[in-house]
1. Pop out the ³J(HN,Hα) list for region 52-60 in order, Karplus 6.51 cos²θ - 1.76 cosθ + 1.60 with θ = phi - 60°, rounded to Hz; leave Gly and Pro as x.
2. Using alpha-carbon pairs under 8 Å, 6+ residues apart, how would you state the relative contact order of region 73-132 in percent?
3. For region 98-144, build the charge dipole from Cβ charges (+1 Lys, Arg; -1 Asp, Glu) around the Cα centre, then report which of 123, 142, 105 sits farthest towards its positive end.
4. Do the sum for the chain: with -39,500 (n - 2.57) for every DSSP H run of n ≥ 4, divided by all residues, what is the mean residue ellipticity at 222 nm, to the nearest 500 deg cm²/dmol?
5. Need one number: % antiparallel among DSSP beta bridges in the chain, to the nearest 5.
6. A 28 angstrom limit on the alpha carbon distance is what I want to check against. Which of 39/194; 159/213; 25/213; 71/159 exceed it?
7. Could you give the angle, 0 to 90 degrees to the nearest 10, between helix 39-49's Cα long axis and the longest principal axis of the Cα atoms of the chain?
8. Taking amide H positions as placed 1.01 Å from N in the peptide plane, with prolines and chain starts having none, which residues 5 or more places from residue 56, or on another chain, fall under 5 Å of its amide H?
Amino acid sequence: MLFRLLSSVSRKASSVLFRAPVAMKPQVVFVLGGPGAGKGTQCAKIVETYGYTHLSAGDLLRAERARPDSKDGQLIESYIKEGKIVPVEITINLLRKAMEETMRQDQEKFRFLIDGFPRNEDNLQGWTSAMRERADVRFVLFFDCSNQVCIDRCLERGKSSGRTDDNRESLEKRIQTYLQSTRPIIDLYMKQGKVRTVDASRGVEEVFSDVRKVLDQEV
Ligand code: UP5
Ligand code: MG
């Protein structure tokens, strides 16, 4: 009798363990491209269709800037307006916290689109030392778009976005930073065969149709 009871308890325990979700190592897709290339727009569409969580480094920095007791708010504002790249310690902390919070709420949300990061050598080093052991970078989704299209889209958005960097002066600096600092990072990943390039100069749906082809192959 005791044996039967114990073995039924043990069977139940093992089936509960079997069903318990195992915390997965975060799987990351870096989403890169020029300012206004459509990273945010396409990430929102990916989230609707695939099981990813979208983390925009720019959005996280803007949220931190808006937090009244943030010690980094002013620094972030000055960097964003000048189109410069915020020191990685700040950005990586925000990304790490957002990833941890997402997975704390739901362990099955371990797929992340990290949008607008890494943008330079400093970002890449910061990611490598803080996250290399904690997350796998699957590939880089690169939205390729001419500078002129990028500028036109941001200026158009600037009519209503309220973003302090959607003006001609900031945009010229953002484009320069992109060309000088971010393109070399994309090139580095290209050499490793990790970049999936999408022509981002077309309409939103055409771009997304190519994005789907990439993701359907990778998942
Ligand atoms: N639009 C989008 N797709 C379109 C399409 N196919 N056809 C026509 N129009 C299209 O789109 C931009 C605009 O274009 C929108 O109006 C959209 O409707 C339209 P969006 O999807 O927002 O493009 P995105 O590539 O996300 O543009 P964004 O301006 O966000 O790119 P940035 O990379 O410049 O901005 P981000 O927010 O990532 O960073 C801002 C600043 O934060 C940086 O310059 C930097 O100072 C700082 N930063 C860091 O320091 N470190 C980081 O890690 C990240 C940011
Ligand atoms: Mg964006």
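All of the numbers you see were taken from the coordinates with simple rules; none came from a lab. Computed from a prediction, not measured in an experiment: that's the story for all the values here. Positions of Cβ are generated from backbone atoms using ideal geometry, with glycine treated the same way; all protein chains shown enter the neighbour counts.
1. 10, 9, 9, 10, 8, 4, x, 5, 5
2. After rounding, I find 36 percent.
3. Farthest along the dipole direction, towards plus: 105.
4. -18000 deg cm²/dmol
5. Expressed as a percentage, antiparallel bridges in the chain total about 0.
6. Result: 159/213; 71/159 exceed 28 Å.
7. 30
8. Residues meeting the criterion, in which the H sits 1.01 Å from N, are 115.
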